[in-house]
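Peer 1: What follows is a single structure, and I will ask about it in a moment.
The values are calculated or read from the model by the stated rules, or taken from the named source; none is laboratory data. Just so it is clear, the model here is predicted, and its values are computed rather than measured. Here Cβ is always computed from backbone atoms with ideal geometry, including for glycine, and neighbour counts include all displayed protein chains.
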Amino acid sequence: MKQVILGTAGHIDHGKTSLIKALTGIDTDRLKEEKLRGITIELGFAHMELPGGERLGIVDVPGHEKFVKHMVAGATGIDLVALVIAADEGIMPQTREHLEICELLRVKKGLVVLTKTDLVDDPDWIDMVREDVVEFLKGTFLEGCDIIQVSSTTGEGIDELKKSLARLFAQVDPKSADGPFRLPVDRVFTMRGFGTVITGTSISGHLRVGDPVFIYPSELKSKVRGLQVHSMDVPEVLPGQRTAVNLQGMERALIQRGDVVASPGALAASHMIDVQLDLLKSAPRPLKHRAKIRFHTGTAEHLATIVLLDREELKPGDHTFAQVRLDQPIAVLRGDRFVLRSYSPVQTVGGGTILHPLPRKHKGSAKRETAKALEVLFNSSDSDIILWHLRDAGWAGLGEQELRIRTNLAQKYLEKTLQQFTSAHKAVIYDKDNRRLIHPDALDEIKAEIKSVLSDYHLRFPLKPGMPKEELPAQLAKPIDGKLYNFVLRQLAEASELAPEMEWVRLASHKVALSSAEESIKDQIEKVFRQAGLQPPFFKEVAAKLPGTPKQHQEILEWMLAKGILIKTKDDLYFHSDTMAEFQQRLVAWLKENGEITTTQFKEMTQASRKYTIPLLEYFDSQKVTIRVGEVRKLRA
């Protein structure tokens, strides 16, 4: 069954609450203070059956200027609006402001109800009020709408109003249940025996009893204990329904109006959002860059700072792109509408569309370029928007879930589009387990950066076989995910541009070749260590007698280690590989014959001091030639 919500709008004391009671029999003023003062302070809720049997949900909003923020919260999720104007007073300040808010929230259909007709004896007065209303509605979404004259006291016009609402009901398109469940919270209370209950209008997805939910932006976890729609228990909630959700194990104090109950992982909290912003023609003054404002979206109200991206001020009636920086985090999606009210005096001044729910901070000269880039998110196709986000993510890449939050696209559509992109090489999956993707431009940039860093490294260290794999990521211009790094290395290796070797990585074109001077130094080093046998000098003692520079000595030493000419056992202690190979044969033969060897026996075999025997013992242990058992070594099996 189609779900439709009607919201009231209009000036204080124009009869909105009385009208709803006449239509439904329900008094939406539930608070004691509302009864005493005779005005609506909080949101009220009712429902009715239309002549065709359809059920219409109704949200009654406060008309007093002090409670406009409650009106904005109540307007969230409504499909139709009944703009209520008292026949004895006509158009008033909140009539105008409420209509502007409905336009900013993109309410598309509605009607005007002229109430309190029983208080007007002069037919010419009502005709004049109707003419004023027709003129007032020109250029708005209500231009040409039905204008129904009603008396909530006598019942005049109520049947005609119901018929008009039924016609409007039929014109509302059914809501899709695709996408994650979202319900902005407008009330929170505790019921004895049930615990915490929240209410709101579901705006997308579906929810069943027993489903897990998150409370955003805090990301508190809970579970649905029970569901009600129009005070009746139901097993499932669909989009567009006035809903009460009984949450399991959740403290009342942890939830407030403005929070969103949603499917796990459906949203992400942020202190910043990128928006398309319209400033009302009726705004009293231009909106300045970095102005403090009151930001309303869903049922939330937060203080925020407006950062204009391409100008210093926005004039009334103009529009632009901006970044909203909030004092507290919110959780929204692309396409959500918002309303701006001035900080002081409080007045509705504008609103617009959320384009990017999780942007980076825009600053400096790059802001103007960002404003141009946001045009894509405002006007382009869904597929172009997906590619925009992949390109914008750069080296970080994006997972499918992150893309869904940024684009607010149905999961099946997103999956199908990404499959087409990967087949056409417009996107690359680098982490299949976590379904993470990167734009080809970013991938090419990373490859170029890796090759540039390696080329520079080879110039600085021509005798090194390559750069340590673990060191390379730290030298890149931007941070890089480990899986993406390994993916890029594999791709470069498959293209024969890179040659990974154990713990090293080098350009495939890099070849180590000693100059004649370096070859001479290498020969001198090798001669010293070959002749020294198992009692070599420290390398610093050898280097002190060599020609060339300390840098050359170190590079040649590392080259000899990489080539396996010398073997390092501990800091500054090296042995010739031939010496070690010959001694290893003797050691293995001893152990095969005797079964074990003590440190003393090992020292006698080497004819060397403890300075050498301990490093040698530990070296053969590390090479898995021997194994220490108590105070002796044995041949490792």
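Peer 1: Take the residues in segment 600-631 that are among the β-branched types (Val, Ile, Thr), surrounded by 15 or more Cβ atoms within 10 Å (Cβ to Cβ) and within 60 Å of the chain's Cα centre (by Cα), then tell me which one is farthest from HIS576 (Cα to Cα).
Peer 2: Going through the qualifying residues, I end up with THR626.
Peer 1: Looking at segment 18-33, which of its residues are buried (at least 20 other Cβ atoms within 10 Å of the Cβ), modelled with pLDDT under 85 and within 23 Å of LEU50 (Cβ to Cβ)?
Peer 2: THR28
Peer 1: Are there any strands (runs of 3 or more DSSP E) wholly within segment 425-512 with 2 or more residues that are over 27 Å from LEU390 (Cβ atoms), and if so which?
Peer 2: Hits in segment 425-512: 498-501, 504-507.
Peer 1: Right, next: With respect to PHE181, determine if the residue is touching a residue at least 40 places away in the same chain (Cβ under 8 Å) and loosely packed, with under 13 Cβ neighbours inside 10 Å.
Peer 2: No.
Peer 1: Give the number of residues within segment 371-396 that are in a helix (DSSP H, G or I) and farther than 12 Å from ASP274 by Cα.
Peer 2: Count: 18.
Peer 1: Looking at segment 610-637 only, could you name the residues that are small (Gly, Ala, Ser) and at pLDDT below 90?
Peer 2: Answer for segment 610-637, where residues must be small (Gly, Ala, Ser) and at pLDDT below 90: just ALA637.
Peer 1: Return the residue satisfying two criteria in turn: it lies in segment 411-425 and is farther than 22 Å from ASP274 by Cβ and among the hydrophobic types (A, V, I, L, M, F, W, C), and of such residues it is farthest from the chain's Cα centre (by Cα).
Peer 2: Filtering segment 411-425 for residues that are farther than 22 Å from ASP274 by Cβ and among the hydrophobic types (A, V, I, L, M, F, W, C), the one farthest from the chain's Cα centre (by Cα) comes out as ALA424.
Peer 1: Let me confirm something: among ILE614, ILE556, ILE627, which residue is in contact with a Lys or Arg (Cβ under 6 Å, 6 or more places away or on another chain) and assigned to a helix (DSSP H, G or I)?
Peer 2: ILE556
Peer 1: Considering each residue of segment 5-14, count those that are surrounded by 24 or more Cβ atoms within 10 Å (Cβ to Cβ) and modelled with pLDDT under 80, and give that number.
Peer 2: 0
Peer 1: If I ask for residues that are out of contact with any Phe, Trp or Tyr (no Cβ under 8 Å at 6 or more places or on another chain) and over 21 Å from ARG610 (Cβ atoms), which ones from segment 533-552 would you list?
Peer 2: Hits for segment 533-552 are ALA543, ALA544, LYS545, LEU546, PRO547, GLY548, THR549, PRO550, LYS551, GLN552.
Peer 1: Can you pull out every residue in segment 136-159 that is in a helix (DSSP H, G or I) and more than 14 Å from LEU83 (Cβ to Cβ)?
Peer 2: Correct list: ILE158, ASP159.
Peer 1: So LYS416 ticks every box in (1) without any contact (Cβ under 8 Å) to a residue 12 or more places away in the chain; (2) under 18 Å from ALA322 (Cα atoms); (3) of a type in the set (D, E, K, R) but one. Which box is left unticked?
Peer 2: With (1) without any contact (Cβ under 8 Å) to a residue 12 or more places away in the chain; (2) under 18 Å from ALA322 (Cα atoms); (3) of a type in the set (D, E, K, R) applied to LYS416, the lone miss is (2).
Peer 1: Looking at LEU303, LEU279, LEU314, which is the one that is touching a Leu at 6+ places or on another chain (Cβ under 9 Å), crowded, with 24+ Cβ neighbours inside 10 Å and touching a residue at least 24 places away in the same chain (Cβ under 8 Å)?
Peer 2: LEU314 is the lone residue from the list that is touching a Leu at 6+ places or on another chain (Cβ under 9 Å), crowded, with 24+ Cβ neighbours inside 10 Å and touching a residue at least 24 places away in the same chain (Cβ under 8 Å).
Peer 1: Taking LYS563 as the residue in question, decide whether it is charged (D, E, K, R) and either over 19 Å from LYS464 (Cβ atoms) or out of contact with any Pro (no Cβ under 9 Å at 6 or more places or on another chain) (or both).
Peer 2: In short, no.
Peer 1: Considering segment 127-156 alone, what residues qualify as being among the hydrophobic types (A, V, I, L, M, F, W, C), touching a Ser or Thr at 6+ places or on another chain (Cβ under 7 Å) and over 17 Å from HIS11 (Cβ atoms)?
Peer 2: The answer is ILE148, and nothing else.
Peer 1: Take the residues of segment 228-276 that are polar (S, T, N, Q) and within 30 Å of HIS356 (Cα to Cα): which is surrounded by the fewest Cβ atoms within 10 Å (Cβ to Cβ)?
Peer 2: Going through the qualifying residues, I end up with GLN256.
Peer 1: Hey, another quick one. Can you tell me which residues in segment 432-453 are modelled with pLDDT of 95 or more and of a type in the set (D, E, K, R)?
Peer 2: ARG436, ASP441, ASP444, GLU445, LYS447, GLU449, LYS451
Peer 1: For segment 215-226, state whether one or more residues are without any contact (Cβ under 8 Å) to a residue 60 or more places away in the chain, of a type in the set (Phe, Trp, Tyr) and outside the structural domain of LEU303 (by TED's automatic domain parsing).
Peer 2: So far as segment 215-226 goes, no, none of its residues is without any contact (Cβ under 8 Å) to a residue 60 or more places away in the chain, of a type in the set (Phe, Trp, Tyr) and outside the structural domain of LEU303 (by TED's automatic domain parsing).
Peer 1: Among the residues of segment 541-553, which ones are at pLDDT 90 or above and either farther than 14 Å from SER515 by Cβ or not in a loop (DSSP other than H, G, I, E, B) (or both)?
Peer 2: Within segment 541-553, GLU541, VAL542, ALA543, ALA544, LYS545, LEU546, PRO550, HIS553 qualify.
Peer 1: Here is a further query. Taking the residues in segment 317-361 that are of a type in the set (Phe, Trp, Tyr) and buried (at least 18 other Cβ atoms within 10 Å of the Cβ) as candidates, determine which candidate is nearest to LEU287 (Cα to Cα).
Peer 2: Among those that are of a type in the set (Phe, Trp, Tyr) and buried (at least 18 other Cβ atoms within 10 Å of the Cβ), it is PHE321.
Peer 1: Have a look at THR140, THR190 and point out the one that is within 22 Å of ILE215 (Cα to Cα), touching a residue at least 24 places away in the same chain (Cβ under 8 Å) and surrounded by fewer than 16 Cβ atoms within 10 Å (Cβ to Cβ).
Peer 2: Only one candidate passes the filter, namely THR190.
Peer 1: Residues of segment 164-222 being farther than 22 Å from GLY335 by Cβ and among the polar types (S, T, N, Q), which ones?
Peer 2: Listed by number, the residues that qualify are SER164, THR190, THR196, THR199, SER218, SER222.
Peer 1: Is at least one residue of segment 94-101 polar (S, T, N, Q), assigned by TED's automatic domain parsing to the domain that holds LYS16 and within 18 Å of VAL59 (Cβ to Cβ)?
Peer 2: yes
Peer 1: Here is a further query. Can you tell me which residue is nearest to ALA562 (Cα to Cα) among those in segment 470-491 that are among the basic types (Lys, Arg) and touching a Phe, Trp or Tyr at 6+ places or on another chain (Cβ under 7 Å)?
Peer 2: So, considering only residues that are among the basic types (Lys, Arg) and touching a Phe, Trp or Tyr at 6+ places or on another chain (Cβ under 7 Å), the one nearest to ALA562 (Cα to Cα) is LYS483.
Peer 1: Can you find a residue that is over 47 Å from the mean Cα position of the chain (by Cα) and surrounded by 13 or more Cβ atoms within 10 Å (Cβ to Cβ) anywhere in segment 104-116?
Peer 2: Yes, there is a match, as at least one residue in segment 104-116 is over 47 Å from the mean Cα position of the chain (by Cα) and surrounded by 13 or more Cβ atoms within 10 Å (Cβ to Cβ).
Peer 1: Follow-up question, since we're still on this one. Of the residues GLU135, GLU131, only one is within 25 Å of GLY317 (Cβ to Cβ), free of Cβ contacts under 8 Å to residues at least 12 places away in the same chain and surrounded by fewer than 15 Cβ atoms within 10 Å (Cβ to Cβ); which?
Peer 2: Residue meeting the stated conditions: GLU135.
Peer 1: Is at least one residue of segment 211-233 in contact with a Gly (Cβ under 6 Å, 6 or more places away or on another chain), over 18 Å from ASP186 (Cα atoms), modelled with pLDDT of 95 or more and in a strand (DSSP E or B)?
Peer 2: Within segment 211-233, none of the residues are in contact with a Gly (Cβ under 6 Å, 6 or more places away or on another chain), over 18 Å from ASP186 (Cα atoms), modelled with pLDDT of 95 or more and in a strand (DSSP E or B).
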